[in-house]
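To start, the structure itself, in structure tokens.
The values are calculated or read from the model by the stated rules, or taken from the named source; none is laboratory data. Predicted, not measured: the structure shown is a model, and the values here were computed from it. Because the Cβ atoms are built from the backbone with ideal geometry, glycine has one as well, and the counts that use them run over all protein chains shown. Quick note on the areas: whole protein, heavy atoms, side chains included, nothing else; ligands and nucleic acids left out. Shrake-Rupley method; radii C 1.70, N 1.55, O 1.52, S 1.80 Å.
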Amino acid sequence: QGALLISASAPSTPRSMSVRQVRQLAKERAPEIKRQKLAQRRAEISLRQAQDQAKINLETIGTLNVNGLGEGVGESLVQLSQFSAIVGYIGLRLQLPLINDARQADAERAEWTLNRLKEEQRNTELRLDAEGARLVNQLEVAKKRTELAQATVVLAARSLEEVTARFEIGQATSLEVSQVLQRQREAELRQARAQVDGELANIAIEAIVKP
């Protein structure tokens with residue numbers, strides 16, 4: 001059987017990040033959240049446009065009209081030159097959108113879309129929070145398992161030395177040597193498994209916090 005390649009130290013998070021730091025970086029750098037924030041900005045613009053279109057519109061208007069002129073050409077020219085035939089009007093015209101109900105419905109749909117996008121972002125953040133905490137905790141457990149397994153491997157090696165020495169002087173049987181060798185092998189396997197689990201958790205953490 002081939003020898004196991006076992007690292008000398010337990011895995012650790014990049015810069016030994018805490019759960020809080022992993023959560024924060026994951027939310028800051030997640031492409032999904034960036035996309036959701038941009039979608040919210042677009043929805044906010046659409047909402048404002050829809051709200052503006054649904055509002056009452058007051059328009060300032062001005063008109064100039066020419067009243068009836070005199071019968072003769074001369075009299076008409078006199079009236080025009082004195083502006084007595086020109087009547088002006090300035091006022092406000094109230095414009096209600098012809099399809100105001102439809103535009104109001106558009107505004108309500110735009111607001112619903114914006115709220116839905118915000119809810120999606122909250123759900124994504126909660127999922128990243130849970131995933132970050134799970135991975136960091138998984139890594140911490142793997143580190144503890146690795147440390148315990150390392151200690152067990154050291155003890156197993158000492159036991160093997162002792163039983164081998166006893167076997168050489170006839171104070172231990174080959175069965176005892178085999179049993180100690182088996183315990184040492186099991187300890188090495190547990191250590192290797194713990195380190196692999198830790199590295200997998202470490203890779204997963206790097207994946208969610210990378211820029």
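Worth pointing out:
- Solvent-accessible ranking of Leu181, Leu38, Leu47, largest area first, probe 1.4 Å: Leu38, Leu181, Leu47
- Under 28 Å of direct C-alpha separation, and excluding same-chain neighbours fewer than eight residues apart, Lys143 reaches these lysines: Lys27, Lys210.
- Which of Ala192, Val153, Ala204, positive extreme of dipole for region 139-211 (C-beta unit charges): Ala204
- Classified by the C-alpha gyration tensor, region 105-211 has a prolate form. Its axis ratio a/c, with a ≥ b ≥ c, is 1.5 or above, and a/b is larger than b/c.
- Of the accessible area of region 97-211, computed with a 1.4 Å probe over protein heavy atoms only, carbon and sulfur atoms account for 55 percent.
- For region 165-211, the solvent-accessible area of protein heavy atoms averages 65 Å² per residue (probe radius 1.4 Å; ligands and nucleic acids excluded).
- Accessible area per residue was computed with a 1.4 Å probe on protein heavy atoms; Asp106 scores about 70 Å².
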